[in-house]
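Reading through the structure tokens given below for one structure.
The values are calculated or read from the model by the stated rules, or taken from the named source; none is laboratory data. Just so it is clear, the model here is predicted, and its values are computed rather than measured. Every residue, glycine among them, receives a Cβ derived from its backbone with ideal geometry; neighbour counts consider all protein chains shown. Calculation scope for accessible area: heavy atoms of the full protein, side chains included, ligands and nucleic acids excluded. Shrake-Rupley method; radii C 1.70, N 1.55, O 1.52, S 1.80 Å.
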Amino acid sequence: DGGIFTFGDAGFHGSTGSLRLNAPVVAMAPTADGRGYWLVASDGGIFTFGDAGFHGSTGGSRPVAPVVGMAATHDGGGYWLIAGDGSLYPFGDAHAYPPTATSGGAPASPGPASASALAPTADDGGYWLLRRDGTVTAFGDAPAFGSATGIGSDPAVALAATPDGGGYLVVTASGNVYSFGDAPNFGSVRDQVPRYPGRALAVTGHPAS
């Protein structure tokens, strides 16, 4: 429902918890200074809070596949929305990059290989796209560090890049964490048998995580 819970020095800037939404909130992204954030619903509707600027949405056009995630540019001047079929929607100063990404969205493989997350490079000149089968595809200036393929029925659900863009981490629904490039692996919750499936991952020191 878009309810927000804050911990530590994270500030509360508002939520959609009291609103009647057309579609459920599925992801959020913070601004670089931590004084705001965006929420995105599965229909691509964007809700801005604090110093987060509105740069556009797909809420009025209804993407073919539901939006599953978003990532903001490091300067807060734009963001990408990613739909479950791999379609990419850039807004503001966020750009689509080759080899296959376009402003209208380039469908990835359907079914178990559908998209689940996106993470930008440190200079926003590219990004990595994660599919539910663990495949990571690089676009623009994003280097390829590997994929978590072979995870079977444990879908990959989240992706986070290191601050320098020299690696990334992939997390699966059961809590397994896979590290690539210079990303260190500090452990996982795979042995704790979480009651609810994993959905998100953040890296310290990374404004766009």
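Couple of notes before you dig in:
- Pick from region 74-93, criterion under 16 Å from residue 161 (Cβ atoms) and at pLDDT 95 or above, ranking: nearest to the chain's Cα centre (by Cα): 80
- Wholly within region 3-67, strands (runs of 3 or more DSSP E) carrying at least 2 residues that are open to solvent by 40 Å² or more (accessible area, probe 1.4 Å): 25-30, 46-50
- Of residues in region 116-148 being touching an Asp or Glu at 6+ places or on another chain (Cβ under 7 Å) and open to solvent by less than 20 Å² (accessible area, probe 1.4 Å), the one nearest to residue 32 (Cα to Cα): 121
- For residue 79, the criteria (1) in contact (Cβ under 8 Å) with a residue 40 or more places away in the chain; (2) more than 28 Å from residue 136 (Cα to Cα) hold in every case but one, which is (2).
- Just one of (1) farther than 19 Å from residue 157 by Cβ; (2) at pLDDT below 95; (3) not acidic (Asp, Glu) fails for residue 55. It is (2).
- For region 115-135, the set of residues classified as under 15 Å from residue 81 (Cβ atoms) and among the polar types (S, T, N, Q) consists of 116 only.
- Residue check for residue 50: in contact with a Lys or Arg (Cβ under 7 Å, 6 or more places away or on another chain), at positive phi and free of Cβ contacts under 8 Å to residues at least 60 places away in the same chain: yes
- Which numbered condition residue 197 misses (of (1) within 23 Å of residue 26 (Cα to Cα); (2) modelled with pLDDT of 80 or more): (2)
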